[in-house]
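> Below you will find the structure I want to go over with you.
The values are calculated or read from the model by the stated rules, or taken from the named source; none is laboratory data. This is a predicted model, so every value here is computed, not measured. All Cβ positions, even for glycine, are placed from backbone atoms using ideal geometry, and neighbour counts span all protein chains on display. Surface accessibility is based on the protein's heavy atoms, side chains included, excluding ligands, DNA and RNA. Shrake-Rupley method; radii C 1.70, N 1.55, O 1.52, S 1.80 Å.
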Amino acid sequence: MAIKVKHVALRDGIFQYHRRVPLDIVRDVAAFETYFHSSKLFRRSLNTSDASEILRGADRRRVEFDEKVTLARGGGCVAHRSMGHVRPQKLTAQLISEISEQQRLVTLKPWIDAYLNAEQSEEHREELERMSYEREGQAEDLKLLLTKQGMRSSDPRVESPIDTAGRLVLELNLDAPLGSPQRSMLALAIRRGRVKGQRDIDCVLNGELPSATEAPISGLGSAVHGATLRDAVDRYVADRSLAPKTVRDVQASLILFERAVGNKRLADLTRTDFRRFIEDLATTQIGGRSVGSVVRMIAPATVKKRLTFLGSAIKHAIEKDMHEGGNPASNFDISAWVKAPDKSVMASKRPFAVEELNLVFLHPWFTGCATATNIHAAGSHRLAGMHYWAPVLAMFSGCRVSELGGLKLNEVQLDGPHPHLHIRDNEFRPTKKGYARFVPVVDSLRALGFSEYVARIKALGGERLFPDWEPARRTGNFDKDDAA
């Protein structure tokens with residue numbers, strides 16, 4: 001079955017995500033270069049030829065694109081503002097040398113691993129042969145990229161030296177603005193390190209292991225400077241079974257920290273750095289990105305969540321012997337910096353009004369669809385599955401999305417004097433904070449035919465109340481991402 005996903009196209013057998021950079025960002029030369037490397041087309045490989053995987057990959061790339069657009073336009077905690085009160089790091093000869101060495105090791109490390117693993121099995125030997133064959137095929141393009149100054153990569157998976165320079169300026173808060181001699185020196189250092197790395201790869205393929213290859217490389221500077229906060233976050237995400245949304249939140253928190261403070265070694269982080277991070281977040285306005293969205297100051301709970309994510313990553317790094325010091329992100333009283341939300345600006349959540357619910361239930365799911373497949377156009381075909389019953393049950397019960405999606409038939413009790421739903425943890429999904437509760441099934445719901453629907457689903461022999469409601473990630477089983 002063909003799957004068409006917006007902004008996704010097949011190129012050379014691999015799915016890629018394509019978006020045009022908005023014109024207002026293109027006209028902002030500094031933001032355009034910093035966040036999109038002066039390329040009008042945002043293009044990222046989904047690294048798969050499997051159509052069943054493109055939904056997940058496209059969502060990840062969409063989040064990346066939206067974040068870059070927001071940052072380039074100066075929304076949220078962005079470099080344009082937060083860097084204004086943090087002195088840029090001077091590009092010294094020692095730092096240039098360290099960056100060049102780091103680029104050599106990043107280029108070389110995968111080949112060292114592949115070469116050593118090839119001693120273990122035929123599968124690893126085949127992988128090394130595949131890498132070598134692919135490298136030979138890309139030799140001419142790679143040579144141009146590493147020898148021709150200012151050359152841009154046509155492959156979205158490969159960063160050119162000048163693009164890497166722009167990224168490092170942002171990540172390390174370097175004093176090397178666009179068009180300056182310092183930016184050129186940085187690009188040259190990156191190119192020099194990669195050229196050395198390629199020469200070392202030749203040595204590896206000839207059976208000679210270059211020196212200084214044993215240091216682990218998981219992020220910028222980890223082999224040269226010691227583990228950074230970015231390394232700690234990468235390790236935390238890799239080791240822990242986090243929901244996809246949580247992973248995005250952790251990584252977003254890291255990006256915001258780096259905008260305010262920079263990418264620092266764990267050993268160099270201080271409470272002053274995290275105080276600066278909190279102060280930067282405290283001055284952030286959010287909202288206003290869509291019609292009806294209220295522009296407001298960031299909430300204390302949001303700041304606390306960002307800080308907690310980074311503190312958890314540092315705690316994990318300590319447990320994994322990546323860091324021997326304390327945790328400078330712990331024990332902050334957020335209320336000292338961030339005020340509670342202004343109720344006059346951002347009112348408390350309220351229920352839908354009856355007239356609003358009436359508008360929702362005018363959709364063809366509830367009034368009649370064109371056909372069984374064309375369910376968003378009006379017609380005479382009546383839906384009798386989860387499209388109809390899940391929203392109706394949500395209105396009459398107040399249950400959360402994931403609670404309904406994972407609701408089992410034996411948790412729907414309609415016999416007896418008090419018909420109810422038993423909301424509790426089960427094998428399909430947890431409940432929020434593990435709370436179990438009984439939810440009454442009201443007469444209005446039964447009058448619509450809910451009892452008949454339950455009986456029909458039981459006759460099919462399934463476990464869940466909504467067997468046609470599949471997880472968004474199409475894994476076939478319910479997971480931590482269902483609520484999204």
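> Name, by its number, the condition in (1) open to solvent by less than 40 Å² (accessible area, probe 1.4 Å); (2) touching a residue at least 24 places away in the same chain (Cβ under 8 Å); (3) farther than 30 Å from residue 273 by Cβ that does not hold for residue 118.
With (1) open to solvent by less than 40 Å² (accessible area, probe 1.4 Å); (2) touching a residue at least 24 places away in the same chain (Cβ under 8 Å); (3) farther than 30 Å from residue 273 by Cβ applied to residue 118, the lone miss is (2).
> If residue 178 satisfies all but one of (1) of a type in the set (A, V, I, L, M); (2) in a helix (DSSP H, G or I); (3) open to solvent by 70 Å² or more (accessible area, probe 1.4 Å), what's the number of the condition it fails?
Only one criterion in (1) of a type in the set (A, V, I, L, M); (2) in a helix (DSSP H, G or I); (3) open to solvent by 70 Å² or more (accessible area, probe 1.4 Å) is unmet by residue 178, namely (2).
> Can I ask one more? For the range 361-402, give me the residue count where each residue is among the hydrophobic types (A, V, I, L, M, F, W, C), open to solvent by 70 Å² or more (accessible area, probe 1.4 Å) and in contact (Cβ under 8 Å) with a residue 12 or more places away in the chain.
Qualifying residue count, the range 361-402: 3.
> State whether the residues of the range 6-26 include one that is open to solvent by less than 30 Å² (accessible area, probe 1.4 Å), at pLDDT below 80 and of a type outside the set (S, T, N, Q).
no
> If you don't mind, another one. Where residues in the range 231-276 are small (Gly, Ala, Ser) and part of a loop (DSSP other than H, G, I, E, B), which of them is modelled with the lowest pLDDT?
Here the answer is 243.
> Read through the list (1) within 15 Å of residue 410 (Cα to Cα); (2) surrounded by 12 or more Cβ atoms within 10 Å (Cβ to Cβ), then give the number of the only condition that residue 445 fails.
That leaves (1) as the condition not met.
> Further question: Conditions first: (1) over 22 Å from residue 165 (Cα atoms); (2) over 20 Å from the mean Cα position of the chain (by Cα); (3) open to solvent by 70 Å² or more (accessible area, probe 1.4 Å). Residue 29 passes all but one, so which condition is the exception?
(1)
> With the structure loaded, tell me whether residue 422 is surrounded by fewer than 17 Cβ atoms within 10 Å (Cβ to Cβ), closer than 22 Å to residue 460 by Cα and more than 31 Å from the chain's Cα centre (by Cα) or whether it fails that test.
Against the criterion (surrounded by fewer than 17 Cβ atoms within 10 Å (Cβ to Cβ), closer than 22 Å to residue 460 by Cα and more than 31 Å from the chain's Cα centre (by Cα)), residue 422 qualifies.
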